[in-house]
Amino acid sequence: MSKLKWITGVAVLACSGALMACGDGGGTPAGSGTATPSGPATPSDAATPTATTVPDPTAPPASPSRPAGKPSATAGAGGVLSGKREVTIVRVQAAESGVALDGGSLVEVDDDSGRQLFVPTPAGGGKYLIKAYGRRDGHPANDDPACWQVLNPGDGKPLTVEGTACDSRKPTQLFSIVNKGKGAYAISNDSAFLQYSPSRGLILEELGDAPLRSTFKLVDNGPARTPAGG
(Lines give C-alpha, C1' and ligand atoms only; values in the text may rest on other atoms or scores of the structure.)
Protein backbone atom coordinates (compact mmCIF):
# COMPACT_ATOMS: atom_id res chain seq x y z
CA MET A 1 0.00 0.00 0.00
CA SER A 2 1.26 3.43 -0.79
CA LYS A 3 1.35 5.52 2.32
CA LEU A 4 -0.17 8.54 1.08
CA LYS A 5 3.98 10.89 3.57
CA TRP A 6 13.85 23.76 5.52
CA ILE A 7 30.86 41.20 8.44
CA THR A 8 31.36 43.72 7.66
CA GLY A 9 34.68 45.04 9.22
CA VAL A 10 34.29 47.90 11.76
CA ALA A 11 36.83 50.76 11.87
CA VAL A 12 38.17 51.42 15.39
CA LEU A 13 38.99 55.03 16.29
CA ALA A 14 42.09 55.49 18.48
CA CYS A 15 43.01 58.43 20.65
CA SER A 16 46.65 59.00 21.68
CA GLY A 17 45.78 59.86 25.32
CA ALA A 18 43.57 57.69 27.52
CA LEU A 19 41.29 59.51 30.01
CA MET A 20 43.41 62.73 29.46
CA ALA A 21 42.84 65.72 27.22
CA CYS A 22 45.04 65.40 24.19
CA GLY A 23 47.57 68.30 24.72
CA ASP A 24 51.00 69.53 23.76
CA GLY A 25 52.88 66.84 25.63
CA GLY A 26 53.74 69.17 28.61
CA GLY A 27 51.31 67.58 30.98
CA THR A 28 49.36 70.84 31.50
CA PRO A 29 45.97 70.08 33.00
CA ALA A 30 43.09 70.73 30.76
CA GLY A 31 41.60 73.30 33.18
CA SER A 32 44.71 75.67 33.19
CA GLY A 33 44.01 77.09 29.80
CA THR A 34 42.67 76.38 26.44
CA ALA A 35 43.74 72.94 25.57
CA THR A 36 45.53 72.57 22.33
CA PRO A 37 43.32 70.35 20.26
CA SER A 38 44.90 67.22 19.24
CA GLY A 39 45.11 66.23 15.66
CA PRO A 40 42.30 64.32 14.13
CA ALA A 41 42.14 60.83 15.34
CA THR A 42 43.53 58.41 12.85
CA PRO A 43 41.31 55.42 12.32
CA SER A 44 43.02 52.14 12.72
CA ASP A 45 43.25 49.83 9.83
CA ALA A 46 39.83 48.49 8.92
CA ALA A 47 39.27 44.91 9.90
CA THR A 48 39.78 42.61 7.02
CA PRO A 49 36.39 41.21 5.89
CA THR A 50 35.93 37.53 6.33
CA ALA A 51 36.74 35.73 3.15
CA THR A 52 33.78 34.32 1.27
CA THR A 53 34.07 30.80 0.05
CA VAL A 54 33.36 30.59 -3.66
CA PRO A 55 31.37 27.45 -4.54
CA ASP A 56 33.21 24.99 -6.69
CA PRO A 57 31.34 25.02 -10.04
CA THR A 58 32.50 21.48 -10.71
CA ALA A 59 30.98 20.07 -7.47
CA PRO A 60 27.76 18.04 -7.85
CA PRO A 61 24.55 19.64 -6.49
CA ALA A 62 23.68 18.84 -2.89
CA SER A 63 21.03 16.21 -2.35
CA PRO A 64 17.71 17.53 -1.02
CA SER A 65 17.14 16.90 2.65
CA ARG A 66 14.68 14.19 3.51
CA PRO A 67 12.23 14.14 6.40
CA ALA A 68 13.50 12.37 9.49
CA GLY A 69 10.41 10.19 9.48
CA LYS A 70 6.66 10.21 9.51
CA PRO A 71 5.13 12.93 11.66
CA SER A 72 3.97 11.66 14.99
CA ALA A 73 0.34 10.88 15.37
CA THR A 74 -0.12 13.91 17.61
CA ALA A 75 1.91 16.40 15.60
CA GLY A 76 0.45 19.76 14.66
CA ALA A 77 -2.31 21.87 16.15
CA GLY A 78 -4.94 19.43 17.31
CA GLY A 79 -3.08 16.55 15.69
CA VAL A 80 -4.64 13.83 13.59
CA LEU A 81 -8.00 14.18 15.35
CA SER A 82 -8.40 17.89 14.57
CA GLY A 83 -10.39 17.38 11.38
CA LYS A 84 -7.62 19.26 9.56
CA ARG A 85 -5.28 16.39 8.70
CA GLU A 86 -5.54 13.49 6.29
CA VAL A 87 -4.33 10.18 7.66
CA THR A 88 -3.83 6.64 6.58
CA ILE A 89 -5.03 4.00 9.04
CA VAL A 90 -2.90 0.95 9.71
CA ARG A 91 -3.74 -1.87 12.08
CA VAL A 92 -0.91 -2.16 14.59
CA GLN A 93 -0.98 -5.94 14.36
CA ALA A 94 -0.68 -5.85 10.53
CA ALA A 95 1.79 -3.12 9.60
CA GLU A 96 2.05 -4.28 5.99
CA SER A 97 -1.64 -3.68 5.23
CA GLY A 98 -3.75 -0.56 5.31
CA VAL A 99 -7.40 0.23 5.87
CA ALA A 100 -9.42 1.22 2.81
CA LEU A 101 -13.00 1.78 1.74
CA ASP A 102 -13.00 -0.47 -1.29
CA GLY A 103 -16.10 -1.59 -3.12
CA GLY A 104 -18.21 0.23 -0.54
CA SER A 105 -16.87 -1.78 2.43
CA LEU A 106 -14.10 -1.23 4.95
CA VAL A 107 -11.31 -3.73 4.29
CA GLU A 108 -7.57 -4.17 4.58
CA VAL A 109 -5.50 -3.96 1.39
CA ASP A 110 -1.82 -4.24 0.56
CA ASP A 111 -1.95 -2.08 -2.58
CA ASP A 112 -3.33 1.38 -3.48
CA SER A 113 -6.89 0.33 -4.22
CA GLY A 114 -9.93 2.07 -2.77
CA ARG A 115 -10.13 5.17 -0.59
CA GLN A 116 -7.20 5.14 1.81
CA LEU A 117 -7.07 8.77 3.01
CA PHE A 118 -9.23 9.60 6.01
CA VAL A 119 -10.10 12.74 7.96
CA PRO A 120 -11.43 12.02 11.47
CA THR A 121 -13.66 15.06 11.97
CA PRO A 122 -14.97 16.10 15.43
CA ALA A 123 -18.76 15.88 15.59
CA GLY A 124 -19.25 16.79 19.26
CA GLY A 125 -19.50 14.69 22.38
CA GLY A 126 -16.09 13.12 21.76
CA LYS A 127 -17.35 11.45 18.59
CA TYR A 128 -16.03 11.66 15.05
CA LEU A 129 -17.20 11.38 11.49
CA ILE A 130 -14.51 9.46 9.62
CA LYS A 131 -14.41 10.88 6.11
CA ALA A 132 -12.78 8.82 3.37
CA TYR A 133 -11.15 10.24 0.24
CA GLY A 134 -9.59 8.88 -2.91
CA ARG A 135 -6.16 9.70 -4.28
CA ARG A 136 -5.31 13.31 -5.11
CA ASP A 137 -5.43 12.87 -8.86
CA GLY A 138 -7.69 15.76 -9.87
CA HIS A 139 -10.78 13.59 -10.25
CA PRO A 140 -13.73 15.36 -8.57
CA ALA A 141 -15.16 12.12 -7.20
CA ASN A 142 -12.01 11.51 -5.16
CA ASP A 143 -12.38 14.90 -3.47
CA ASP A 144 -15.97 14.23 -2.40
CA PRO A 145 -15.97 12.36 0.93
CA ALA A 146 -17.71 9.16 1.89
CA CYS A 147 -18.22 8.54 5.60
CA TRP A 148 -17.92 5.36 7.64
CA GLN A 149 -21.26 3.94 8.70
CA VAL A 150 -22.12 0.82 10.67
CA LEU A 151 -23.94 -1.82 8.63
CA ASN A 152 -25.97 -4.54 10.31
CA PRO A 153 -26.50 -7.26 7.68
CA GLY A 154 -28.72 -9.35 9.97
CA ASP A 155 -28.96 -13.15 9.88
CA GLY A 156 -26.49 -13.35 12.76
CA LYS A 157 -23.69 -11.89 10.68
CA PRO A 158 -21.29 -9.46 12.36
CA LEU A 159 -21.53 -5.70 12.04
CA THR A 160 -19.33 -4.18 9.34
CA VAL A 161 -18.50 -0.69 8.07
CA GLU A 162 -19.68 0.70 4.75
CA GLY A 163 -19.12 4.01 2.98
CA THR A 164 -22.02 6.40 2.49
CA ALA A 165 -22.96 10.09 2.29
CA CYS A 166 -21.86 11.95 5.42
CA ASP A 167 -24.55 12.82 7.96
CA SER A 168 -23.50 13.73 11.51
CA ARG A 169 -27.10 13.23 12.71
CA LYS A 170 -26.83 9.48 12.27
CA PRO A 171 -25.51 7.63 15.34
CA THR A 172 -24.22 4.87 13.06
CA GLN A 173 -21.72 7.35 11.62
CA LEU A 174 -20.39 8.59 14.96
CA PHE A 175 -17.24 6.79 16.08
CA SER A 176 -15.12 7.01 19.22
CA ILE A 177 -11.36 7.12 18.68
CA VAL A 178 -9.50 6.53 21.95
CA ASN A 179 -5.75 6.80 22.44
CA LYS A 180 -4.41 3.55 23.91
CA GLY A 181 -0.80 4.75 24.12
CA LYS A 182 2.28 4.48 21.89
CA GLY A 183 0.39 6.00 18.98
CA ALA A 184 -2.28 3.29 18.92
CA TYR A 185 -6.02 4.00 18.91
CA ALA A 186 -9.13 1.94 19.57
CA ILE A 187 -11.99 2.70 17.17
CA SER A 188 -15.58 1.93 18.11
CA ASN A 189 -19.21 2.75 17.47
CA ASP A 190 -21.40 2.63 20.54
CA SER A 191 -19.94 -0.42 22.35
CA ALA A 192 -18.79 -2.29 19.22
CA PHE A 193 -15.06 -2.12 18.47
CA LEU A 194 -13.39 -2.32 15.08
CA GLN A 195 -11.58 -5.68 15.10
CA TYR A 196 -9.94 -7.96 12.61
CA SER A 197 -11.26 -11.48 12.10
CA PRO A 198 -9.11 -13.93 10.09
CA SER A 199 -12.25 -15.31 8.47
CA ARG A 200 -14.34 -12.13 8.09
CA GLY A 201 -11.86 -9.28 7.85
CA LEU A 202 -12.68 -6.00 9.57
CA ILE A 203 -15.82 -6.23 11.70
CA LEU A 204 -17.38 -4.44 14.65
CA GLU A 205 -17.99 -6.49 17.76
CA GLU A 206 -18.76 -6.04 21.42
CA LEU A 207 -15.88 -7.31 23.51
CA GLY A 208 -17.56 -8.25 26.76
CA ASP A 209 -14.75 -9.78 28.81
CA ALA A 210 -12.60 -10.43 25.74
CA PRO A 211 -9.42 -8.36 25.24
CA LEU A 212 -9.07 -5.68 22.62
CA ARG A 213 -7.23 -7.47 19.82
CA SER A 214 -6.98 -4.73 17.19
CA THR A 215 -5.69 -1.19 17.55
CA PHE A 216 -4.82 1.28 14.81
CA LYS A 217 -2.19 3.89 13.99
CA LEU A 218 -3.27 7.14 12.35
CA VAL A 219 -0.39 8.19 10.11
CA ASP A 220 -0.35 11.90 9.23
CA ASN A 221 -0.41 12.52 5.47
CA GLY A 222 -0.66 16.32 5.48
CA PRO A 223 -3.39 18.97 5.47
CA ALA A 224 -6.94 17.95 4.67
CA ARG A 225 -8.19 19.04 1.29
CA THR A 226 -11.22 21.31 0.90
CA PRO A 227 -13.63 19.38 -1.30
CA ALA A 228 -17.07 20.40 -2.45
CA GLY A 229 -18.57 17.91 -0.01
CA GLY A 230 -16.84 19.46 3.02
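Taking the Cα of ALA192, stepping 7 Å toward and past its beta carbon, and measuring to each backbone N in the range 110-148: which are under 14 Å? Those under the cut-off are 148. For the range 126-225, the per residue solvent-accessible surface stands at 51 Å², with DNA, RNA and ligands left out and a 1.4 Å probe. The Cα-based radius of gyration and maximum Cα-Cα distance (Dmax) for the range 156-230 are 14.3, 44 Å. Amide H contacts for ALA224 (H built 1.01 Å from N in the peptide plane; partners 5 or more residues away or on another chain; cut-off under 5 Å): ARG85, GLU86. Could you list the GluC sites (Glu not before Pro) in the range 150-224 that lie in coil according to DSSP, counting only those with at most 12 other Cβ atoms within 10 Å of their Cβ? Here no loop site has a sparse enough neighbourhood. The convex hull defined by the C-alpha atoms of the range 101-193 has an orientation-averaged projected area of 7.2 nm². Loop-resident chymotrypsin sites (Phe, Trp or Tyr not before Pro) (DSSP state other than H, G, I, E or B) in the range 159-230 with no more than 12 further Cβ atoms inside 10 Å of their Cβ are absent.
In this structure, LYS84 and ASP167 have a Cβ-Cβ separation that, at R0 = 22 Å, corresponds to a calculated FRET efficiency of about 0.60.
Rounded to the nearest whole Hz, the Karplus-based 3J(HN,Hα) values (6.51 cos²θ - 1.76 cosθ + 1.60, θ = phi - 60°) of the range 132-138 follow the sequence 10, 10, x, 4, 7, 10, x, with x at glycine and proline. Kindly provide the trypsin sites (Lys or Arg not before Pro) of the range 163-230 that DSSP labels as loop, not H, G, I, E or B, and whose Cβ sees at most 11 other Cβ atoms within 10 Å. Answer by residue number: ARG169, LYS182.
Summing +1 for each Lys or Arg and -1 for each Asp or Glu among the other residues whose beta-carbon sits under 15 angstrom from that of GLY156 gives -1.
The values are calculated or read from the model by the stated rules, or taken from the named source; none is laboratory data. Computed from a predicted model, the values in this text were never measured in an experiment. Note: ideal-geometry Cβ built from the backbone for every residue, glycine included; neighbour counts use all protein chains shown. Note: accessible area is taken over every heavy atom of the protein model, side chains too, but ligands, DNA and RNA are not part of it. Shrake-Rupley method; radii C 1.70, N 1.55, O 1.52, S 1.80 Å.
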